[in-house]
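> Can you read through this structure? Questions will come right after.
The values are calculated or read from the model by the stated rules, or taken from the named source; none is laboratory data. What you see is a predicted model, and the numbers here were worked out from it, not measured in a lab. We place every Cβ from the backbone using ideal geometry, glycine too, and count neighbours over all the protein chains shown.
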Amino acid sequence: MGVHAYRYLAGVLCALVCCIVPAANAQEVDFSLFDESLELWSPYDVALSATPEEPGFAQIFEDEAFEPAQMLAPQARQTPRMAQRPRRSAVTRRNQSLASVPFMIGDTGAGTCLTIGGPQTFAIEHPTLSCSRLNVSENNTALPTDRTFVSYRHFKNVTDVRLLTVFERNYNVDRYLLGTERTFFDGMMSLEMRLPLERRLTSNFGSNVSVQNPPFIVDPFIGGRQNELGNVSAMLKALLVERQTWALSAGLGVTVPTARDFTYGYHLDNVVSLEVFPGAPNPDTLQFTIEDFGVTVSNDTVFLAPFLAWQWIPKKNDRFFHQGFFQIEVAANPSRAHVQGGGVSTFADLASVPILDLFFDLPPEGRGTDIFAQSLMRLNLGCGYVLMENPQASCIKRLTSLLELHYTQTIQDPNQTSVPLDVSTFPVVPIPPEFTDFFAEAFTFGNERASTSIVNVATGLTANIGSEGRTIVTSGLILPVTQGGQRAFDLEYNLQVQRLY
């Protein structure tokens with residue numbers, strides 16, 4: 001028994017050295033102080049080697065105050081709750097009430113499109129021209145989450161094309177979004193990527209209007225819709241505070257110009273009757289006009305969107321919730337527009353005898369200008385109520401109603417730029433100021449409106465389905481409150497599906 005007791009004391013001494021010394025930030029333990037022939041046994045080794053006949057056996061296993069040697073290890077200091085978040089945070093590992101708040105529906109980024117235009121000539125809105133801008137709240141939540149998602153959005157009458165104040169057409173846009181979000185820093189931060197695929201007005205658009213000589217050709221909308229890649233976005237999100245009933249996060253969204261450049265080919269030949277002398281009973285001059293221009297707008301702008309996001313649930317009723325996003329989006333750099341081509345107008349009398357040729361054209365290499373997108377402020381507020389929750393259900397485990405208000409406002413005056421045309425006549429005559437002013441702004445680029453203010457309302461349902469409820473399906477309908485020319489669309493439908501990890 002003496003040998004066993006000696007081994008038992010040696011094991012306890014070793015445990016003390018191994019546990020206390022590291023806690024005190026001591027240097028490496030020198031085990032050479034012990035006899036090299038000494039075998040270190042733990043109390044469990046002693047117990048296993050003892051037999052019921054030996055006296056020490058009963059003392060070891062019958063003493064109720066006995067605890068394993070790890071009780072001697074230093075206790076961990078209390079750390080903030082958020083610091084203990086697992087690396088791959090999932091819904092079941094977080095605050096269940098906050099984690100159950102569904103992802104927002106969000107809405108389109110349209111409504112602040114730049115327009116290619118000219119005085120009484122044409123106006124084109126295209127998704128590449130800063131129309132498809134990032135709305136951080138779209139299919140998002142304040143909590144960093146591990147997920148993969150796909151969404152579909154249909155926008156009715158979101159792209160407007162006008163030509164010669166006579167022809168006008170609105171185009172629909174269908175957007176498919178593939179995305180993923182991954183957490184790091186123990187679930188305190190996440191990185192999200194979004195890849196949009198859009199069926200929209202083609203990036204190689206044209207107009208051909210010929211009414212001068214038969215056969216007449218009138219095709220102002222050449223190209224129609226086409227499937228194209230949109231601008232890819234990434235978002236970095238950081239959870240700042242998480243409490244029992246509310247959470248606050250912040251982040252930065254970045255949109256890079258991956259969509260195609262936009263090109264527009266414009267051809268016109270026309271005959272117009274003019275009244276040169278006011279008061280005459282009939283027009284006494286004809287104007288024959290032929291124009292051929294090509295416009296290219298390069299997609300170069302990078303957008304930055306810092307944002308705040310939050311969630312809140314009341315203490316007494318966790319079926320109700322509120323969430324929101326606030327973002328500012330600015331253009332980090334301009335894009336570039338380039339115009340080539342020219343035209344001529346021939347004035348003649350009623351007998352078609354030429355009187356004057358008016359030339360308006362550009363240098364052979366063309367002429368360009370920078371175009372600037374306006375800065376935006378977005379406020380997206382949402383609330384909802386859990387209609388049904390049954391963890392034992394085999395299909396739909398949770399059903400939640402959603403109601404959201406989306407407000408978009410420009411916070412910067414529009415910066416319109418122009419590409420002027422050179423004007424000359426044959427024979428040479430003084431050119432009236434109204435002609436020079438007209439051709440000085442022949443091609444304009446920028447937002448037609450001095451200020452844009454858009455309000456939309458969204459409503460929908462979210463369902464958690466599957467064996468663990470980690471597949472989330474959301475269906476939503478977005479309607480414009482803003483009326484008139486500032487409304488971004490007539491109707492938007494959204495369907496999004498995501499899988500949590």
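> Take the residues of the range 421-438 that are at pLDDT 90 or above and not in a loop (DSSP other than H, G, I, E, B): which is farthest from Asn135 (Cα to Cα)?
Applying the filter and picking the extreme gives Phe426.
> Determine if the range 439-455 includes at least one residue that is of a type outside the set (Ser, Thr, Tyr), assigned by TED's automatic domain parsing to the domain that holds Ala393 and within 30 Å of Thr180 (Cβ to Cβ). Break it down stepwise before answering.
Initially, the range 439-455 is screened for residues of a type outside the set (Ser, Thr, Tyr), giving 439-443, 445-450, 454-455.
After this cut, where a residue has to be assigned by TED's automatic domain parsing to the domain that holds Ala393 as well, the list is 439-443, 445-450, 454-455.
Cutting the leftovers down to within 30 Å of Thr180 (Cβ to Cβ) gives us 454.
There is at least one residue in the range 439-455 that is of a type outside the set (Ser, Thr, Tyr), assigned by TED's automatic domain parsing to the domain that holds Ala393 and within 30 Å of Thr180 (Cβ to Cβ).
Listed here are the residues, each with its yes/no results for (1) of a type in the set (A, V, I, L, M, F, W, C); (2) under 21 Å from Val241 (Cβ atoms); (3) modelled with pLDDT under 90.
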| position | (1), (2), (3) |
| --- | --- |
| Ala65 | yes, no, yes |
| Ala83 | yes, yes, yes |
| Thr108 | no, no, yes |
| Val150 | yes, no, no |
| Asn172 | no, no, no |
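> From the list Val158, Val173, Val166, Val136, which one is among the aliphatic types (A, V, I, L, M) and out of contact with any Phe, Trp or Tyr (no Cβ under 6 Å at 6 or more places or on another chain)? Outline the logic, then answer.
Details: Val158 fails: out of contact with any Phe, Trp or Tyr (no Cβ under 6 Å at 6 or more places or on another chain); Val173 fails: out of contact with any Phe, Trp or Tyr (no Cβ under 6 Å at 6 or more places or on another chain); Val136 fails: out of contact with any Phe, Trp or Tyr (no Cβ under 6 Å at 6 or more places or on another chain).
After ruling out the rest, the residue left standing is Val166.
To keep it simple, each residue is scored yes or no on (1) at pLDDT 90 or above; (2) over 29 Å from the mean Cα position of the chain (by Cα).
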residue: Ala238; (1), (2): yes, no
residue: Leu248; (1), (2): yes, no
residue: Val254; (1), (2): yes, no
residue: His267; (1), (2): yes, yes
residue: Glu275; (1), (2): no, yes
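> Now, a different point. Within the range 223-250, can you find the residues that are farther than 16 Å from Arg175 by Cα and touching a Pro at 6+ places or on another chain (Cβ under 9 Å)?
Those that are farther than 16 Å from Arg175 by Cα and touching a Pro at 6+ places or on another chain (Cβ under 9 Å): Lys237, Ala238, Leu239, Thr245, Ser249, Ala250.
> So, in the range 456-493, how many residues would count as being of a type outside the set (Phe, Trp, Tyr), in a strand (DSSP E or B) and in contact (Cβ under 8 Å) with a residue 40 or more places away in the chain?
The first filter runs over the range 456-493 and keeps only residues of a type outside the set (Phe, Trp, Tyr), leaving 456-488, 490-492.
From the residues that got through so far, the ones that are in a strand (DSSP E or B) too are 456-465, 471-480, 491-492.
Then keep just the ones that are in contact (Cβ under 8 Å) with a residue 40 or more places away in the chain; that gives 456-465, 472, 474, 476, 478, 491-492.
Residues flagged as of a type outside the set (Phe, Trp, Tyr), in a strand (DSSP E or B) and in contact (Cβ under 8 Å) with a residue 40 or more places away in the chain within the range 456-493 amount to 16.
> Limited to the range 311-326, what total is found for residues that are surrounded by fewer than 22 Cβ atoms within 10 Å (Cβ to Cβ) and within 17 Å of Ile105 (Cβ to Cβ)?
3
> Quickly run through the range 345-373 and pick out the residues that are buried (at least 16 other Cβ atoms within 10 Å of the Cβ) and part of a loop (DSSP other than H, G, I, E, B).
Passing the criteria: Leu362, Phe372, Ala373.
> Taking the condition buried (at least 17 other Cβ atoms within 10 Å of the Cβ), in contact with a helix residue (DSSP H, G or I) (Cβ under 8 Å, 6 or more places away or on another chain) and in the same structural domain as Gly466 (by TED's automatic domain parsing), does Leu376 pass? Break it down stepwise before answering.
On the way: buried (at least 17 other Cβ atoms within 10 Å of the Cβ): yes; in contact with a helix residue (DSSP H, G or I) (Cβ under 8 Å, 6 or more places away or on another chain): no; in the same structural domain as Gly466 (by TED's automatic domain parsing): yes.
When the stated conditions are applied, Leu376 does not pass them.
> Which residues, counting only those in the range 277-307, are surrounded by 17 or more Cβ atoms within 10 Å (Cβ to Cβ), within 23 Å of Val166 (Cα to Cα), at pLDDT 90 or above and not acidic (Asp, Glu)?
Result: Phe293, Val295.
> Quick test of your reading of the structure: Arg367 fulfils all but one of (1) farther than 30 Å from Asn139 by Cα; (2) modelled with pLDDT under 95; (3) charged (D, E, K, R). Name the failing condition by number.
(2)
> Okay, next question. Out of (1) surrounded by fewer than 23 Cβ atoms within 10 Å (Cβ to Cβ); (2) of a type outside the set (A, V, I, L, M); (3) more than 16 Å from the chain's Cα centre (by Cα), what's the single condition that is false for Phe149?
Of (1) surrounded by fewer than 23 Cβ atoms within 10 Å (Cβ to Cβ); (2) of a type outside the set (A, V, I, L, M); (3) more than 16 Å from the chain's Cα centre (by Cα), only one is false for Phe149: (3).
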